[in-house]
Amino acid sequence: MSDWLDAEQRIERAQQFSESHRWEEALAELDAAIAINPNNALWHAQRGYLLEELDRDDDAAAAYKKSFDLDSSDNEVALAYGASLARLGRLSAALEVLEVIAARDPKFEPAYCNRIRVNAELGRHEQAEEIFYLAQQINDECPDCFFHMGESLATRGEFDKAIFCWKRAAKLAPDYLG
């Protein structure tokens, strides 16, 4: 059997295990495929997802970074990488990655949601608000944007506006807040 075929079969098994939420087994198959072809950016991104499911956030960030290094043009991977850095509290690094996306693709709205959140967590509330209004021009029905803007407003003591944002998030996605 060729290495290429072996790697592809392992990826298929990893997908099957993943669909069954058998994360460890999926990761083992994926790692075996990556050992055969370490330059497949998508496989490293999938590895990041599996590691997140296993609550191995540092390892997930490293996997997303590897994927991003191999193919920095994939907005979804860059978003996952930035979000993983934010979860780890590496806010400045997360913001750098998210701003790369925004500069490259100003219409990619998910990057705005995360930039609102990260700027708010950094105490950069004016920037968070500016980004919120830019995001509204792309998608004025994003519950993530409203939720994160609400967090920023609450931090500043603007509770009426924060509650408005949270209610809007809940109206847009009824299961969002609970």
Within the bounds of segment 12-22, is there any residue that is in contact (Cβ under 8 Å) with a residue 12 or more places away in the chain and acidic (D, E)?
no
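Quick check, is R168 of a type in the set (K, R), under 30 Å from D31 (Cβ atoms) and touching a residue at least 24 places away in the same chain (Cβ under 8 Å)? Working first, answer last.
Details: of a type in the set (K, R): yes; under 30 Å from D31 (Cβ atoms): no; touching a residue at least 24 places away in the same chain (Cβ under 8 Å): yes.
Here the answer is no, as R168 does not meet what is asked.
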Which ones in segment 17-59 are surrounded by fewer than 17 Cβ atoms within 10 Å (Cβ to Cβ) and assigned to a loop (DSSP other than H, G, I, E, B)?
S20, H21, R22, N37, P38, N39, L54, D55, R56
Flag if D160 is among the acidic types (D, E) and in contact with a helix residue (DSSP H, G or I) (Cβ under 7 Å, 6 or more places away or on another chain)
no
Taking segment 166-178 and keeping only residues that are part of a helix (DSSP H, G or I) and surrounded by 13 or more Cβ atoms within 10 Å (Cβ to Cβ), one is left with W166, K167, R168, A169, A170, L172
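Only one residue in D144, D140, D105 is under 25 Å from R56 (Cβ atoms) and either of a type in the set (D, E) or over 17 Å from the mean Cα position of the chain (by Cα) (or both), so which one is that? Spell out the reasoning first.
Details: D140 fails: under 25 Å from R56 (Cβ atoms); D105 fails: under 25 Å from R56 (Cβ atoms).
Just one listed residue meets the conditions, D144.
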Within segment 104-144, which residues are open to solvent by 60 Å² or more (accessible area, probe 1.4 Å), touching a Leu at 6+ places or on another chain (Cβ under 9 Å) and of a type in the set (A, V, I, L, M, F, W, C)?
L122
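Output the residue which, of all residues in segment 130-165 that are charged (D, E, K, R) and assigned to a helix (DSSP H, G or I), is farthest from A102 (Cα to Cα). Before you say what the answer is, go through the steps one by one.
To start, the set of residues in segment 130-165 that are charged (D, E, K, R) comprises 130, 140-141, 144, 151, 156, 158, 160-161.
Add one more test, that the residue is assigned to a helix (DSSP H, G or I), and what stays is 130, 144, 151, 160-161.
Numbers: E130: 14, D144: 17, E151: 22, D160: 30, K161: 26 Å.
Across segment 130-165, the extreme among qualifying residues is D160.
The values are calculated or read from the model by the stated rules, or taken from the named source; none is laboratory data. Everything numeric in this text was worked out from a predicted model, so none of it was measured. Heads up, the Cβs are rebuilt from the backbone with ideal geometry, glycines too, and the neighbour counts pull from every protein chain shown. Protein only, heavy atoms only, side chains kept; ligands, DNA and RNA dropped before computing areas. Shrake-Rupley method; radii C 1.70, N 1.55, O 1.52, S 1.80 Å.
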